[in-house]
Every structure is written in C-alpha cells, then in structure tokens.
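The values are calculated or read from the model by the stated rules, or taken from the named source; none is laboratory data. Bear in mind that the values here come from a model prediction, so they are computed numbers and not experimental data. For neighbour counting, all protein chains shown are included, and Cβ atoms are generated from backbone atoms with ideal geometry for every residue, glycine included. Note: areas computed on protein heavy atoms with side chains; ligands, DNA, RNA excluded. Shrake-Rupley method; radii C 1.70, N 1.55, O 1.52, S 1.80 Å.
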Amino acid sequence: MTDPDVTDPDVTGDGRRRTRLTRARILEAARRQLARDPDSSLGDIAGAAGVVRRTVYDHFGGRSALVEGLASDAAEALGRALKAVPVPGPDAVTAMARFVLALWPVGERCRTLLRLAPQDLGAERVNEILGPARAMATAIIERGQRQGVFHTGLAPDPLGRALEGLVLALLECVNAGTWSDDGTRTATAALIAVGTDGDLAAAQVRRLVRPERLSA
C-alpha cells in the first residue's frame, strides 16, 4: 500500500493542498480513534485515516507530536468558538446558552484531550487549553448567581466543572447513539443544571437558534 500525499518540502500548489488535507485527515482519524481507545497505536490511526503508518510519521514524527497536533488544533478551535460568545452579555441565561451552543461543535476535541491527559498531555497542558473556556463559564455563573437566576448553593468554579462534566457526558451519549442533539438540548439541560427554570431555559435556547435556522 502506498500513499501519494506524503509530505514533500518541494511540492507546491496542489501538492501542498493535498499535504494539508492529509494532515487534517490524520488528525480527525486520531481524534476519533483516541477518543474510543487512548492506547490506540499509530498503525491503528493510520488505518483509520486510510494512509500507511509512514505517512503519519512523515506528518507528525511520532505519537507525542501527533497528540500535540490534536492539542493545538483543539486550542485553535476552542479559541474561535469562544470569540462567538459576547461576555459580558445581556444576561447570564442568554450568555450561558450562547456559551454551550458555541462550544458544542468543538466538544469532541475537548473530550479527546481529557481522555489523553493521564498518559500523553498532562493536566497542566489540558488546563492551559481549556482554561479560557473554564474561566468564561465561571464568570457567567458568577453573574447568574448575582442576578438570582442560577443556583447559589455551590461556588461558581465547582459548579462550572460540574457543568463541563454534564456537557461531555451528553456528548458521549450522542457518540454512543443513545441520544441525539445538535447542541440545543444540551444548552437547555445546562441552563436547567445551573438553576434556570425549565420553560425559560427551553424558550431562551429556541430564541437563540431560530434566527440561525431561518438563515440556513
């Protein structure tokens, strides 16, 4: 088996595009494979990406570089998602709904990082990547508690980490095929979890997503 898209420093134009596409394909395959089994080998990842193992080495040099590639990709995606969340927003309920909706598409990247943390990345690197999102969640919860719309029986930071666990658990249910969601049901569940009335939570999420669906 051969692969025509191995990295070549002399290629230009279409060759560079193929190289970028191959790299992206390897990262996506690695994300899926390592999310299922953090002990997956580079051979497993290569097979999932439809390339030979040598191609993975050509692009990343080894497992540590591949994992760092996933980390950098996650950090960039998370940064782009957070820019879509205006903070401070008009109110905490709206801000939290927007926060969850914006981060839902990149949730799988975050879940993979947390699964890789014990053996590959370490807690410090994961905290560096997820820190901005965690800080934003804490700030929104603090505002909601001051506004009287979120629970006050738990401090903002632990409540935010509990919310993170809920969102990732629901994402895992989607991946397992036991639940379906485009992010709206999770955003509603997140609002209810931090103390928002259920009807208000559902109505607020509907208001936020309806313009997007109408313009699609």
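Computed values, structure above
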| quantity | calculated |
| --- | --- |
| Some residue of the stretch 2-25 being modelled with pLDDT of 90 or more, in a helix (DSSP H, G or I), of a type in the set (D, E, K, R) and open to solvent by less than 30 Å² (accessible area, probe 1.4 Å) | no |
| Answer residue from the stretch 131-163, given it is among the β-branched types (Val, Ile, Thr) and within 21 Å of the chain's Cα centre (by Cα) and is surrounded by the most Cβ atoms within 10 Å (Cβ to Cβ) among those | Ile140 |
| Candidate set: the stretch 45-58, residues that are in contact with a Leu (Cβ under 9 Å, 6 or more places away or on another chain) and free of Cβ contacts under 8 Å to residues at least 24 places away in the same chain; chosen: the one nearest to Arg25 (Cα to Cα) | Ile45 |
| In the stretch 26-64, residue farthest from Arg109 (Cα to Cα) [restricted to those that are assigned to a loop (DSSP other than H, G, I, E, B) and open to solvent by less than 30 Å² (accessible area, probe 1.4 Å)] | Val51 |
| Any chance Asp37 is closer than 22 Å to Ala123 by Cα and not hydroxyl-bearing (Ser, Thr, Tyr) | yes |
| Boolean, Ala169 is modelled with pLDDT of 95 or more and either open to solvent by less than 40 Å² (accessible area, probe 1.4 Å) or not hydroxyl-bearing (Ser, Thr, Tyr) (or both) | no |
| The stretch 65-76, subset of a type in the set (Gly, Ala, Ser) and within 18 Å of Gly107 (Cβ to Cβ), residue nearest to the chain's Cα centre (by Cα) | Ala74 |
| Test: residue in the stretch 175-198 that is over 20 Å from Gln145 (Cα atoms), at pLDDT below 95 and part of a helix (DSSP H, G or I) | yes |
| Residues within the stretch 87-112 that are free of Cβ contacts under 8 Å to residues at least 24 places away in the same chain and open to solvent by 60 Å² or more (accessible area, probe 1.4 Å), tallied | 1 |
